[in-house]
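Working notes, beginning with the structure itself.
The values are calculated or read from the model by the stated rules, or taken from the named source; none is laboratory data. Here the structure is a predicted model, which is why all the values come from computation and not from measurement. Every residue, glycine as well, gets a Cβ built from its backbone with ideal geometry; the counts of neighbours run over all protein chains shown. These accessible areas exclude ligands, DNA and RNA; they are computed on the full protein's heavy atoms, side chains included. Shrake-Rupley method; radii C 1.70, N 1.55, O 1.52, S 1.80 Å.
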Amino acid sequence: GQNIDQPTEMTATEGAIVQINCTYQTSGFNGLFWYQQHAGEAPTFLSYNVLDGLEEKGRFSSFLSRSKGYSYLLLKELQMKDSASYLCAVIVITTSGTYKYIFGTGTRLKVLA
Amino acid sequence: AAGVIQSPRHLIKEKRETATLKCYPIPRHDTVYWYQQGPGQDPQFLISFYEKMQSDKGSIPDRFSAQQFSDYHSELNMSSLELGDSALYFCASGGDTDTQYFGPGTRLTVL
């Protein structure tokens, strides 16, 4: 089956660095996305990894290891507004040749002053 | 830049009623995805369309149906509503890349 695991909750202090891990067991892997979602709002795109390695975008970086089925999202210089859920999503190619997104349960990050 | 538009933003219905949610993708995007997200849960994929044809089907109940029209907007029709259908319904659109861009969502409350 297809499975994605993330920690349920994390807490960090303003100005600190936090790493949110995501492990996945999927077939037909074709890339991994990170989304940020504030309560009651739509998920917003943060990053996309399809090759192994680190992708950096401002305060946010995302890492992928396909052989280990592992990714992490690194948030630096945390701000209060970073308090949100962070969703790891894997895109897979189905047996019928279509693409499907599979979302993890999300990690609720609380940033404390 | 234009984003995904969903209407209505809020909807209140009684049990056993029907509801229609609309999604207008980003211009020139040809793919639409529908998700249901209950409180504290991750988005659950319902159904997707590519070039007006159904491309994939997830955990969409038989009471729900959807289609994509010639102008690429999509509608999710929900009948015989149940209390458990109360959720946020997101539409996402996609174009040449695999990235999905989410609309603001429709909050459906079934009383």
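Pairs linking a residue in segment A:90-113 that is within 10 Å of chain B (Cβ to nearest Cβ) and among the aliphatic types (A, V, I, L, M) to a residue that is open to solvent by less than 50 Å² (accessible area, probe 1.4 Å) and not in a strand (DSSP E or B), with Cβ atoms under 6 Å and 6 or more positions apart or on different chains, are A:Ile91/B:Asp98.
Just to be sure I understand, how many residues within segment A:1-23 are part of a strand (DSSP E or B), under 21 Å from A:Tyr101 (Cβ atoms) and within 11 Å of the chain's Cα centre (by Cα)? I'd like the intermediate steps shown before the answer.
Restricting attention to segment A:1-23, the residues satisfying the condition of being part of a strand (DSSP E or B) are A:3-5, A:9-13, A:18-23.
Cutting the leftovers down to under 21 Å from A:Tyr101 (Cβ atoms) gives us A:3-5, A:20-23.
Then keep just the ones that are within 11 Å of the chain's Cα centre (by Cα); that gives A:4-5, A:20-23.
Of the residues in that region, 6 qualify.
Run A:Asn30 past the list (1) modelled with pLDDT of 95 or more; (2) surrounded by fewer than 15 Cβ atoms within 10 Å (Cβ to Cβ); (3) in a strand (DSSP E or B) and report the number of the one that doesn't hold. Among (1) modelled with pLDDT of 95 or more; (2) surrounded by fewer than 15 Cβ atoms within 10 Å (Cβ to Cβ); (3) in a strand (DSSP E or B), A:Asn30 violates only (1).
Looking only at segment B:86-95, decide whether some residue is open to solvent by 30 Å² or more (accessible area, probe 1.4 Å), within 11 Å of the chain's Cα centre (by Cα) and of a type outside the set (Phe, Trp, Tyr). Scanning segment B:86-95, I find no residue that is open to solvent by 30 Å² or more (accessible area, probe 1.4 Å), within 11 Å of the chain's Cα centre (by Cα) and of a type outside the set (Phe, Trp, Tyr), so the answer is no.
Residues of segment B:15-42 that are without any contact (Cβ under 8 Å) to a residue 12 or more places away in the chain and among the acidic types (Asp, Glu): B:Asp42 alone.
Looking at segment B:38-56, can you tell me whether even one residue there is among the charged types (D, E, K, R), assigned to a strand (DSSP E or B) and modelled with pLDDT of 90 or more? Steps first, please.
So the first thing to find is which residues in segment B:38-56 are among the charged types (D, E, K, R), and the list is B:42, B:51-52, B:56.
Keeping just the survivors that are assigned to a strand (DSSP E or B) gives B:56.
Filter again for modelled with pLDDT of 90 or more, leaving none.
The answer is no; no qualifying residue exists.
Listed conditions (1) open to solvent by less than 40 Å² (accessible area, probe 1.4 Å); (2) within 23 Å of A:Gln37 (Cβ to Cβ) are all met by B:Leu81, apart from (2). The listed residues are A:Lys110, A:Lys81, A:Lys100, A:Lys68, and the only one of them that is assigned to a strand (DSSP E or B), basic (Lys, Arg) and surrounded by fewer than 19 Cβ atoms within 10 Å (Cβ to Cβ) turns out to be A:Lys110.
Considering only residues that are in contact with a His (Cβ under 9 Å, 6 or more places away or on another chain) and within 14 Å of chain A (Cβ to nearest Cβ), which ones fall in segment B:63-95?
Filtering segment B:63-95 down to residues in contact with a His (Cβ under 9 Å, 6 or more places away or on another chain) leaves B:72, B:93-95.
Hits for segment B:63-95 are B:Ser93, B:Gly94, B:Gly95.
Among the residues of this structure, B:Ile12 counts as one that is open to solvent by 40 Å² or more (accessible area, probe 1.4 Å), touching a residue at least 60 places away in the same chain (Cβ under 8 Å) and farther than 30 Å from A:Leu109 by Cβ.
Among the residues of segment A:34-56, is any touching a residue at least 40 places away in the same chain (Cβ under 8 Å), away from every other protein chain (no Cβ under 14 Å) and surrounded by fewer than 16 Cβ atoms within 10 Å (Cβ to Cβ)? Walk me through it before giving the result.
The first filter runs over segment A:34-56 and keeps only residues touching a residue at least 40 places away in the same chain (Cβ under 8 Å), leaving A:34-39, A:43, A:46.
This time we only want the ones that are away from every other protein chain (no Cβ under 14 Å), so: none.
No, the conditions are met nowhere in segment A:34-56.
Could you please find all residues in segment A:84-95 being hydroxyl-bearing (Ser, Thr, Tyr) and either assigned to a strand (DSSP E or B) or open to solvent by 70 Å² or more (accessible area, probe 1.4 Å) (or both)? Break it down into steps so the answer makes sense when it comes.
To start, the set of residues in segment A:84-95 that are hydroxyl-bearing (Ser, Thr, Tyr) comprises A:85-86, A:94-95.
A:Ser85, A:Tyr86, A:Thr95 - these are the residues of segment A:84-95 that are hydroxyl-bearing (Ser, Thr, Tyr) and either assigned to a strand (DSSP E or B) or open to solvent by 70 Å² or more (accessible area, probe 1.4 Å) (or both).
Inspection of segment B:41-48 finds no residue satisfying the criterion of being open to solvent by 40 Å² or more (accessible area, probe 1.4 Å) and more than 11 Å from chain A (Cβ to nearest Cβ). When you scan segment B:55-62, do you find a residue that is open to solvent by 20 Å² or more (accessible area, probe 1.4 Å), within 22 Å of B:Ile12 (Cα to Cα) and within 8 Å of chain A (Cβ to nearest Cβ), even just one? Scanning segment B:55-62 turns up no residue that is open to solvent by 20 Å² or more (accessible area, probe 1.4 Å), within 22 Å of B:Ile12 (Cα to Cα) and within 8 Å of chain A (Cβ to nearest Cβ).
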